[in-house]
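Novice: There's a structure below that I have some questions on.
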Amino acid sequence: MNKPLFACVLMLAALPAAAQTSGSSFTETMEVNVVNVDVTVTDRQGRRVTDLKKEDFDVYEDGKRVEIVNFDAQNEGAGALTGDGAPRDPEEAWTLAVFFDDVNIQPAHRDRVIRQLRDFLARKTAPGDRILLATSDPGLHVRVPFTSDLAALDRGLQEISALPARGAESERDRAHAVDEIVAKIQDTQGLSSGPPTCPLDVDTPAHSYAGSRRQEVLRSLGTLKVLVNSLSGMPGRKAVLHVSDGIPMVPGEEIFQFLAEVCRDGTAINLEGGESSLHIERGRRVELKPTDSPASSGDDSFNQHATYQGASRAVADAQTYSVAKELETLASHANANRVTLYALQASGVQGNAATAAAGVGGDKLFRFPSVSGVLRAGLRDSLQLLADETGGRAILDANDFGLDLDRMREDFSTVYSLGISPAHSGDGREHKLTVKLKRPALQLRYRQSYRDKPVLERTGDRTLAALYYGVEDNPLDVKIEIGEQSPADAGQFSVPLRLRIPLFKLTVLPQDDIYQGNLRLMVVVRDEQGGMSALRQVEVPLRISRKEVLNAMGQYYVYNLTLNLKPGLQHVALAVRDDIGTTTSYLSRTVTAGASGH
């Protein structure tokens with residue numbers, strides 16, 4: 001979609017134009033920066049520890065001990081979990097986004113999760129809780145906005161169960177790549193009197209599959225990052241339940257492991273039977289004695305330097321497709337936004353490694369236990385990393401998820417929140433967190449780092465929350481008036497917005513013969529297809545002469561803003577920030593561009 005264009009027309013209602021100051025300046029008021037570290041404490045049996053005090057904890061930032069300025073021990077009873085009819089404080093409410101990664105999941109596995117999730121939400125959702133349902137197809141699609149309405153959540157889960165899931169496509173592509181590798185090896189038969197060999201280009205299908213798979217994984221991680229970004233502006237603690245069959249840490253690694261097994265020294269296993277330098281015995285690769293190996297027979301037609309040496313190349317080739325760095329970046333990003341990641345592996349116990357060997361290639365691939373092990377470890381390790389780094393849980397090797405989901409809920413109801421106030425404020429850097437207990441033999445889970453986001457970045461995050469979820473907060477009492485539309489270039493429509501702000505709500509400081517302040521506006525637009533404009537901002541200085549200031553305090557500051565929008569329903573979010581008073585209003589509106597009357 002086309003990005004909104006700003007018509008920066010500034011007017012002060014019923015106020016004379018203020019004179020500009022010469023050489024005078026003012027500075028923004030410093031905001032108190034408190035970082036909350038949420039800590040879950042269990043004993044060796046996994047039972048919650050609920051009797052700890054502030055003095056039991058020590059918090060370290062970048063290895064240096066810091067003071068705990070705020071301490072809160074939340075320990076809800078069982079009645080609160082099932083709902084007592086009282087809405088929760090926004091800072092204490094349960095904010096959970098359930099994200100179905102449809103690129104990396106089998107339909108049957110997703111359906112099993114949905115059945116159990118419906119029961120879980122029915123048991124554990126309380127009034128005031130905020131539950132969101134979203135999918136990746138491949139971009140972020142919010143199916144049910146934040147709600148505690150169980151009927152709406154149930155309808156959303158039914159809708160998701162009817163959507164296509166693409167996990168089987170990746171398995172078919174993988175099996176096809178293996179078939180191509182086998183065909184390349186078979187083509188070498190008859191070219192010499194020796195056994196089949198692995199030509200130098202035998203790895204081409206592996207590289208093709210791994211490259212394509214990596215792009216799919218990066219798109220999924222990008223969608224998850226958008227979700228994490230949008231949650232940042234939500235108040236209180238937030239969590240994402242990521243539902244998938246797993247995210248491969250090294251996409252395509254299992255095929256390179258197959259090459260390492262089949263093409264260890266350039267001489268290939270004949271997977272169709274017959275003579276070979278290697279043969280399969282009860283699933284193990286067994287090397288024949290050197291005297292039996294055609295490689296040592298003196299046949300000049302066998303040139304191992306012209307073959308793919310799997311033992312020395314395959315592992316290194318696979319690592320070029322690793323997404324470990326991107327996973328770590330995503331975890332750091334979640335930590336910066338106070339979002340805890342829970343990862344549920346939907347494939348369960350029944351075999352996330354030797355899963356559905358689709359076609360002939362899949363059957364050959366999983367003859368090797370090492371291949372199954374590599375795939376299983378890669379899918380698990382990625383989920384474990386995301387959970388461990390953000391203080392969440394990875395739900396692995398389970399077909400019944402109920403107990404683990406209950407534990408996830410308990411993480412929100414039984415938690416210690418430790419507030420620290422760093423000396424720096426908004427430095428934009430990532431800082432390492434370490435929490436220690438004076439009581440031994442207890443286990444802690446918490447986010448391992450945080451990024452001290454600058455104030456404007458935090459403002460932008462809250463604006464995104466208003467855009468996606470309608471989360472409004474209006475301490476400045478900003479009024480929005482939508483004017484008459486008019487046609488614009490390229491089939492768009494110009495939509496004027498008038499912002500009216502009571503001047504007595506704004507902070508202005510005396511400077512020479514005027515009072516001055518500073519407003520900052522942020523605007524972002526999203527269409528119904530998920531397309532989003534860039535987040536734009538405009539800085540607006542305020543100037544009021546001393547003799548007019550008393551009269552001005554009873555009037556409005558008016559700012560006219562024009563958005564050029566394509567036809568259709570558009571979601572608009574705005575932030576109006578008083579830079580001096582460090583107060584910000586967040587608002588959202590829907591506009592149907594091209595509709596008469598709006």
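The values are calculated or read from the model by the stated rules, or taken from the named source; none is laboratory data. What you see is a predicted model; the values in this text were computed from it and never measured. Cβ atoms come from the backbone with ideal geometry, glycine included; neighbour counts cover every protein chain shown.
Novice: So, Leu375, is that one of a type in the set (A, V, I, L, M, F, W, C), closer than 30 Å to Leu444 by Cα, at pLDDT 95 or above and in contact with a helix residue (DSSP H, G or I) (Cβ under 9 Å, 6 or more places away or on another chain) or not?
Specialist: no
Novice: With the requirement that a residue be touching a residue at least 60 places away in the same chain (Cβ under 8 Å) and out of contact with any helix residue (DSSP H, G or I) (no Cβ under 7 Å at 6 or more places or on another chain), what does region 448-468 give you?
Specialist: Asp452, Val455, Leu456, Arg458, Thr459, Gly460, Arg462, Thr463, Ala466, Leu467 - these are the residues of region 448-468 that are touching a residue at least 60 places away in the same chain (Cβ under 8 Å) and out of contact with any helix residue (DSSP H, G or I) (no Cβ under 7 Å at 6 or more places or on another chain).
Novice: Continuing with the same structure: Within region 216-263, restricting attention to residues that are farther than 25 Å from Leu379 by Cβ and in a loop (DSSP other than H, G, I, E, B), which residue is modelled with the highest pLDDT?
Specialist: Met234
Novice: Ok, one more. Checking the structure you have, find out if any residue of region 432-447 is in contact with a strand residue (DSSP E or B) (Cβ under 8 Å, 6 or more places away or on another chain), touching a residue at least 12 places away in the same chain (Cβ under 8 Å) and of a type in the set (Gly, Ala, Ser).
Specialist: No, that holds for no residue.
Novice: Under the condition of being modelled with pLDDT under 90 and in contact with a Pro (Cβ under 8 Å, 6 or more places away or on another chain), which residue from region 428-459 is farthest from Val35 (Cα to Cα)?
Specialist: The qualifying residue farthest from Val35 (Cα to Cα) is Gly428.
Table: residues versus (1) at pLDDT 90 or above; (2) under 23 Å from Gly483 (Cβ atoms); (3) over 39 Å from the mean Cα position of the chain (by Cα); (4) not assigned by TED's automatic domain parsing to the domain that holds Pro475.
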| position | (1), (2), (3), (4) |
| --- | --- |
| Phe504 | yes, no, yes, no |
| Thr507 | yes, no, no, no |
| Asn518 | yes, no, no, no |
| Glu528 | no, yes, no, no |
| Val538 | yes, yes, no, no |
| Leu563 | yes, yes, no, no |
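Novice: A further question follows. Considering region 391-421 alone, what residues qualify as being closer than 19 Å to Arg447 by Cβ and either among the charged types (D, E, K, R) or surrounded by fewer than 16 Cβ atoms within 10 Å (Cβ to Cβ) (or both)?
Specialist: Arg393, Arg407, Arg409, Glu410, Asp411, Gly419, Ser421, listed by residue number.
Novice: What number of residues within region 142-173 are in contact with a helix residue (DSSP H, G or I) (Cβ under 9 Å, 6 or more places away or on another chain), of a type outside the set (A, V, I, L, M), over 29 Å from Ile255 (Cα atoms) and surrounded by fewer than 21 Cβ atoms within 10 Å (Cβ to Cβ)?
Specialist: 6
Novice: Whether any residue in region 516-531 is surrounded by 21 or more Cβ atoms within 10 Å (Cβ to Cβ), touching an Asp or Glu at 6+ places or on another chain (Cβ under 7 Å) and closer than 18 Å to Val591 by Cα is what I want to check.
Specialist: No: zero hits.
Novice: How many residues, within region 111-128, are surrounded by 22 or more Cβ atoms within 10 Å (Cβ to Cβ) and within 16 Å of Ser148 (Cβ to Cβ)?
Specialist: Count: 2.
Novice: Go through the residues of region 566-577 one by one and say whether even a single one is surrounded by fewer than 20 Cβ atoms within 10 Å (Cβ to Cβ) and within 20 Å of Ile501 (Cβ to Cβ).
Specialist: For region 566-577, residues surrounded by fewer than 20 Cβ atoms within 10 Å (Cβ to Cβ) and within 20 Å of Ile501 (Cβ to Cβ): absent.
Novice: Can you say whether Leu386 is under 30 Å from Leu456 (Cβ atoms) and either of a type in the set (Asp, Glu) or in a strand (DSSP E or B) (or both), as far as the supplied structure shows?
Specialist: no
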